[in-house]
Amino acid sequence: MSERDAGLYGELRIAPSMLSADFSDLATSVAVVDAETDWLHVDVMDGHFVPNLTIGPGVVTALRAHSSRYFDCHLMMTDPGKYLEAFARAGADGCTVHVEVGGTDELISQMRDLGLRVGLAANPDTPLSAVEPFLDRIDLLLLMTVFPGFGGQSFIADVMDKVRVARQLVAERSLSLDIEVDGGIDETTAPIAVGAGANVLVAGSAIFARPEPLAAARALRAAASTAVA
């Protein structure tokens, strides 16, 4: 496990998404929001599992030189197992794979062997039953609030039903598990997601598309905090 602290399970965390940052100057983007960053969310897309291409381990290596934050790498890939070791070497602290690609048992074991924090993601139309058998073996459950592929999409409110049930299962089973949401998270939707049971908020355009990203991240945290019990 990395020395970089992921924080206590269940704590509210803001995770700016590099998908919406300035790709010509990612180091500056990271530095600008650092004071309001708990995790950095790194979206990795292969152009096959999702209809977009983004970055690979080399960019994670470059970013690591500019940030000591926890790197939360979301692998939207058809065959993430081929790249997990490379991301671990590059400086990822945790990797999240999609339940839809299959081979989940093996991927979880591989991430554990590499010392990565283990995340499992589900798309908006994937039932919670698909991830429920793995809840006691993972550290992070990512419930997508948009269909993955592109930033700037609208929040799918129906996913909150899954978030509520997932949070109930975590409580009933006394699990150490973070629940993350990604897609359409802003000052309006953040408190809705936290109220439903999410504690890790990935936000891209709501931070980096604003004139003052740091102020936007601070406002997002303040809005989310209003729903924290």
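Read-outs: derived from the displayed coordinates by stated rules, not from any lab. The shown structure was predicted, so the numbers you read here are calculated from the model rather than taken from an experiment. In this analysis, Cβ positions are derived from the backbone assuming ideal geometry, glycine residues included, and neighbour counts consider all displayed protein chains.
Temperature 25 °C, viscosity 0.890 mPa s: under these conditions the Stokes-Einstein estimate for the range 98-229, based on its Kirkwood radius over C-alpha pairs, is 161 µm² per second.
With a Förster radius of 25 Å applied to the C-beta separation of Ser109 and Lys82, the computed FRET efficiency comes to 0.95. Counting pairwise Cα distances across the chain, what percent come out greater than 20 angstrom? Of all Cα-Cα pairs in the chain, 55 percent lie more than 20 Å apart. Highest-first packing order for the peptide set 141-147, 222-228, 120-126 is 141-147, 120-126, 222-228, based on the mean count of other beta carbon atoms within 10 Å. Site pair Ser68 and Arg137 shows an inter-label distance of 3.5 nm when each label is modelled 7 Å from Cα along Cα→Cβ. Using the Cβ of Val181 as centre and a radius below 13 Å, the other residues enclosed give a net charge of -3, where K and R count +1 and D and E count -1.
Projecting the Cα atoms of Thr37, Phe134, Ile55 onto the charge dipole of the range 13-225, computed from C-beta unit charges around the Cα centre, puts Thr37 farthest toward the positive end. Ellipticity at 222 nm from helices only: DSSP H runs of n ≥ 4 in the chain, each -39500 (n - 2.57), divided by the residue count, give -9000 deg cm²/dmol. Applying 1/(1 + (r/R0)^6) with R0 = 22 Å to the Cβ-Cβ distance of Ser24 and Glu212 gives a FRET efficiency near 0.70. When Rg and the Kirkwood Rh are both derived from Cα coordinates, the Rg/Rh ratio for the range 29-93 amounts to 0.98.
In this Cβ point-charge picture (+1 for Lys and Arg, -1 for Asp and Glu), the range 13-225 has a dipole of about 340 debye about its Cα centre. Considering only beta bridges that DSSP places wholly inside the chain, some 5 percent are antiparallel.
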